[in-house]
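Enquirer: Below are the structure tokens for one structure; questions will follow.
Read the figures in this text as sums done on the coordinates, not as results from a lab. Keep in mind that this is a model prediction, so the values were computed, not measured. All Cβ positions, even for glycine, are placed from backbone atoms using ideal geometry, and neighbour counts span all protein chains on display.
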Amino acid sequence: MQKSIKKNGSRAFTLVELLIVIAIIGVLAGLIFPSLTKVLGVGSQVKSMNNARNIANAWMSYAKTGSHTRVINKPNIYEWIKVLADKQDLNNPQIWILDFDPLVASVRSSNPMPISVVNKVGTISKINPEFKVFPISWEVANNVPTNAKATTPLVWTRGLKSSGVWDEETGVFGSEGGHIAFVDAHVEWYSSLKDEESGQGILNVYNKTFRTFNIASAIRGGSKNILKSNVQAIAEDYGDGGGSDEE
């Protein structure tokens, strides 16, 4: 009597079926990835906004608390940051160097994130050399008086040009825009400092009612009182051409 042969019910995918599966995965990826990128972008903006507010609040606390008002007037952005890091407990480097900042990411590929802004030995505080390796993700208005109007900018994401837009290469968010924290610690996101309809600036000229899109005109002392990170030198060290802050 001939025995029946039991065949295995499983079979391999045909080439056509495999191609169909790959096509479906591709379609799903095309639907999911843009949404995921948008969510990550929103998260970066929230972090930027919160950090800007923390910096502005720390500045207010330092400048306006006590019997004497104190103005932070320093020769460079690192020394300006040192005051708030040392006196207002903003010694966390990730307040100042945003991890999603493209220029920060390029440096992190070969350098660990520093653990402090300042190093303290007894009563002496010095800027951490490892901190200065990284580009600061912010630009700040130096020598801001405590009686400045609430509309006066204090700190903003790096890369803002005199034309009122952010530089594609050096901007923290590319040319998409950035945050500005004002002296009253409110923070706004701007894609441009120029009103699209009227062409006028969104900011006020310092202590005036005139409008401007050049942030240097909106702070005391103009462009000489804008402190910036040494982005160009850092970008050259890490193989990136950097960009100009002027149009």
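Enquirer: Determine the sum of side-chain charges near ARG53: Lys and Arg each +1, Asp and Glu each -1, restricted to other residues whose C-beta is under 14 angstrom from that of ARG53. The partial results should precede the final answer.
Expert: Working: positive: LYS47; negative: ASP184, GLU188.
Within the 14 Å Cβ shell, the charges total -1.
Enquirer: Ranked highest first by the average count of other Cβ atoms within 10 Å around their residues, in what order do 155-161, 217-223 fall?
Expert: Values: 155-161: 25.1, 217-223: 17.6.
Output ranking for 155-161, 217-223: 155-161, 217-223.
Enquirer: Can you work out the PRE-style zone for GLU197? Point 7 Å along Cα to Cβ, and I want the residues of region 208-229 with backbone N under 12 Å.
Expert: None, by backbone N distance to the label point.
Enquirer: Quick check for you: which residues of region 127-141 have the amide N under 17 Å from the point 7 Å beyond the Cα of SER110 toward its beta carbon?
Expert: Flagged as within label range: 130-135.
Enquirer: Ratio of Rg to Rh for region 74-228, alpha carbon only, Kirkwood? Show your work: numbers first, answer last.
Expert: Working: Rg = 16.2 Å, Rh = 16.3 Å.
We get a ratio of 0.99 for region 74-228.
Enquirer: What residues have an amide H closer than 5 Å to that of ARG211, excluding those fewer than 5 places away on the same chain, when H is modeled at 1.01 Å from N in the peptide plane?
Expert: VAL205
Enquirer: So what's the net charge close to ASN143: Lys and Arg +1, Asp and Glu -1, counting the other residues with Cβ under 10 Å from its Cβ? Working shown, then result.
Expert: Values: positive: LYS74, ARG220, LYS224; negative: none.
Charge balance near ASN143 sits at +3.
Enquirer: For the pair ASP89 and VAL21, how long in nm is the line joining their label points, each one 7 Å along Cα→Cβ?
Expert: Between ASP89 and VAL21, the simple spin-label model gives 5.5 nm.
Enquirer: Hey, another quick one. Run the quick spin-label model on ASN73 and LYS126: label points 7 Å from Cα toward the beta carbon, then report their separation in nm to one decimal.
Expert: 2.7
Enquirer: Residue by residue through region 80-86, what is 3J(HN,Hα) from phi via Karplus (6.51 cos²θ - 1.76 cosθ + 1.60, θ = phi - 60°)? Round to whole Hz and write x for glycine and proline.
Expert: 5, 4, 4, 4, 6, 5, 7
Enquirer: Here is a further query. On a C-alpha basis, how far is the centre of region 125-158 from the centre of region 84-122 in Å? Whole number, if you could?
Expert: Region 125-158 and region 84-122 have Cα centres spaced 13 Å from each other.
Enquirer: For VAL121, what charge total do you get from the other residues with a beta carbon under 15 Å from its beta carbon, if Lys and Arg give +1 and Asp and Glu give -1?
Expert: On the way: positive: LYS82, LYS120, LYS126; negative: ASP86.
In short, +2.
Enquirer: Non-local amide H neighbours of VAL118 (under 5 Å, H modeled in plane, Pro and chain starts lacking H): which ones?
Expert: HN-HN under 5 Å from VAL118: ASN128.
Enquirer: Projected onto the charge dipole of region 31-237 (+1 at Lys/Arg Cβ, -1 at Asp/Glu Cβ, origin at the Cα centre), which of SER163, ASN142, ASN204 gives the Cα projection farthest towards the positive end?
Expert: Most positive-ward Cα: ASN142.
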